[in-house]
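Undergrad: Questions regarding the structure given below will be posed in turn.
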Amino acid sequence: MNTEVHQKVTASHLKRNAYLYVRQSTMRQVVENTESTKRQYALRQRALALGWPEGHVVVIDSDLGQSGASAVDREGFQTLVAEVGMGRAGIVLGLEVSRLARNSADWHRLLEICALTSTLILDEDGIYDPAHFNDRLLLGLKGTMSEAELHVLRARLRGGLLNKARRGELRCRLPVGFVYDAAGHVVFDPDTQVQETVRLLFHTFERTGSLNATVKYFRREHLLYPTRVVAGAHKDDLVWAPLSLHRACTAVHNPWYAGAYVFGRARWHKQPNGGCRQERLPPDQWQVLIRDAHPAYISWQDYERYERQLRVSAKAIGFERHAGPPREGPALLQGHAVCGLCGSRMHVQYYVRKNVMTPNYVCVGRGRLFGDPQCQTIVGTGIDAAVGQLLVDAITPMALELALAVQQEMAARLDESDRLRHRQVERAQYDADAARQRYMRVDPANRLVADSLEADWNLKLRVLADAQNDYQQRRAADRLLVDEHERQRIVALASDFPAVWRDPNTPQRERKRMLALVIEDVTLIKQREITASVRFRGGAATTLTLPRPLTAQQQRATHDDVRQHIEGLLDQYTDAQVARILNERGMRTGAGEAFGAVSVQWVRHSAKIKSLKERLVGEGWLTVQQVSAKLGIKRTAINRHRVQGKLQARICSDGGQWLYWIPETKPPLSTEVRSRVSSTAGAAV
Ligand SMILES: [Zn+2]
């Protein structure tokens, strides 16, 4: 062996570095399995013995705590491959070299590179030269064995786990609110505060129908939610923290709370980058599902209903055109409005107009994804009113059918729960029968055993009697509920629909729920008119056409004939005078207010009507400046002439501005004025 070793190790190998690769796959091994780590470091002595100088042994141990299943995340292994590839390595040392890589592809790549760069490989068993066929064959086998070993190990573990899980005996990490008792059964957490808090979570979700609302309720009431620490020194300790949406979501989705033992709810897929992706499986693909395995916080029916509800909510948040759960806002079509231009679900935005919350249906369309501008925005008031009216018109002939359908569904649901309850009676019956048989089989002389079996039989009989009693009572109560009270209420509700709908005391949320029962969605398009295509559940459809609602500006606009009035009056009067006259004639602005000089000005500006001054100037009237320039006299003189009546003048604005009329055939002026006029005219020429 020794000679062989020396044959393999040559001077060219010794010139290069020796790389010692140290790895433990998990952090736990790093902490607990120190012996293996020591052995790995001891290989260093082998390298020194083979002749490598002290400074040329490089230890790569950055992969401690990393699994060998893939090389992607293992920085150290990649460094090793790089060093070997660049021909800097004379030898690679590892405890069991095949464990350098637990993945055949990685391992064979390393061997290939080692062969090319004539790098040796050393483990506890010996020294190999991958350039030699026999050595390479052996190393290849070692790698394959190592991979197979990993596979068999994993399969055995997995198989064992699965078998145990199939019997419902595999201990899983329990959701908060459950603990294992001494016998290993899942029971309610004896801490009543924990129990009550978990119950409150489900009650609140039942009441609000929304995870968000549940979380908000907990926050508003300053309620904390219990959590168990998953790992670390404080493992399994109870911690109280504010309820997060994630936690609430996980709890409501968790079938353990419905009393089911579940295993294998997710599947893991390997990613090209070496990572793993979790895929949640639908219930029919779960590996193990044992119902009624332990006490439950909610019934299985509730669980399934919540799942449906959450699916609907998830769709409402997503990009798809699906309905959302009704909320408090007044927008009737919330969650049901679809954009007719791009097909996205439309959002609701509220704004306050005259102290009333008014909805806008807004399509952000693909803008949300691609940063485009908004698709279309439609004022919701008119549409809501029209759809409401449509519903009131449509629901009357449908009333009876609706009521019957609802009743049928409720009856079906009751039958189902009735069947499940009867199972309990059957089980109690079976237990009692079994106890009886055990008692019958025992030797009567064996008093001690017979007594205890008899006691057991009695106990089982009592349980059976209780179960039967309970079943009968519930059944009677259910029948009563549907037969009388519920039925009447439903029928009354259906036939009184218009009244209920119009009743101002009916909360808008209820109105939206009623709408959701009947209407699938409403597709809106805003063009010259607004088109609302209403799709009823069951396939019927109808289209409503509505005028476009006026914009705020249009709503405030002055009525046409008032504007014509203003136009006529402005021939003679200033803005303030026009306002006074309009008010005397009982006319009002578009907003329903009395006119003032300012509002007349607004009307003039918006309708582009000329003011009195503009009209007069257009006719040839001159301002005082123009007169001064034309006649060459000072302002004071012009004023004097006006007061003396020598100049024809009139007021043209509310500010008291004068305009003057200087006819071409000049009116007789005083000699003084005339002489000045001629002199300035001469000077100008
Ligand atoms: Zn759109």
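Undergrad: Provide a single number: the residues in segment 80-100 that are modelled with pLDDT of 85 or more, surrounded by fewer than 23 Cβ atoms within 10 Å (Cβ to Cβ) and of a type outside the set (A, V, I, L, M).
TA: 4
Undergrad: Name the single residue, out of those in segment 544-560 being hydroxyl-bearing (Ser, Thr, Tyr) and either surrounded by 14 or more Cβ atoms within 10 Å (Cβ to Cβ) or at pLDDT 70 or above (or both), that is nearest to Ala532 (Cα to Cα).
TA: Among residues in segment 544-560 that are hydroxyl-bearing (Ser, Thr, Tyr) and either surrounded by 14 or more Cβ atoms within 10 Å (Cβ to Cβ) or at pLDDT 70 or above (or both), the one nearest to Ala532 (Cα to Cα) is Thr545.
Undergrad: Quick one: which of Gly143, Gly90, Gly160 is of a type outside the set (Asp, Glu), part of a helix (DSSP H, G or I) and closer than 18 Å to Val22 by Cα?
TA: Gly143
Undergrad: Okay, moving on. Which condition from (1) away from the ligand (no atom under 16 Å from the Cβ); (2) modelled with pLDDT under 85; (3) in contact with a Ser or Thr (Cβ under 8 Å, 6 or more places away or on another chain); (4) not aromatic (Phe, Trp, Tyr) is the one that Gly329 breaks?
TA: Status for Gly329: all satisfied but (3).
Undergrad: Take the residues of segment 355-377 that are closer than 15 Å to Pro330 by Cα and away from the ligand (no atom under 14 Å from the Cβ): which is modelled with the highest pLDDT?
TA: Pro359
Undergrad: Just for segment 268-300: of the residues that are touching a helix residue (DSSP H, G or I) at 6+ places or on another chain (Cβ under 8 Å) and assigned to a strand (DSSP E or B), which one is farthest from Arg421 (Cα to Cα)?
TA: Of everything passing the filter in segment 268-300, Val288 is farthest from Arg421 (Cα to Cα).
Undergrad: For Asn17, indicate whether it is of a type in the set (S, T, N, Q) and modelled with pLDDT of 85 or more.
TA: Against the criterion (of a type in the set (S, T, N, Q) and modelled with pLDDT of 85 or more), Asn17 qualifies.
Undergrad: With Leu157, Leu170 as the choices, which residue is in contact with a helix residue (DSSP H, G or I) (Cβ under 8 Å, 6 or more places away or on another chain) and either basic (Lys, Arg) or modelled with pLDDT of 85 or more (or both)?
TA: After ruling out the rest, the residue left standing is Leu170.
Undergrad: Turning to a different aspect of this structure: Please work out if Thr214 is touching a helix residue (DSSP H, G or I) at 6+ places or on another chain (Cβ under 6 Å), part of a helix (DSSP H, G or I) and under 21 Å from Ala258 (Cβ atoms).
TA: Spelling it out, Thr214 is indeed touching a helix residue (DSSP H, G or I) at 6+ places or on another chain (Cβ under 6 Å), part of a helix (DSSP H, G or I) and under 21 Å from Ala258 (Cβ atoms).
Undergrad: Say we look at segment 336-347 and pick out the residues that are part of a loop (DSSP other than H, G, I, E, B) and surrounded by 23 or more Cβ atoms within 10 Å (Cβ to Cβ); which of these is farthest from the ligand (Cβ to nearest atom)?
TA: Of everything passing the filter in segment 336-347, His336 is farthest from the ligand (Cβ to nearest atom).
The values are calculated or read from the model by the stated rules, or taken from the named source; none is laboratory data. As the structure is a prediction and not an experimental result, all values here were calculated from the model. Positions of Cβ are generated from backbone atoms using ideal geometry, with glycine treated the same way; all protein chains shown enter the neighbour counts.
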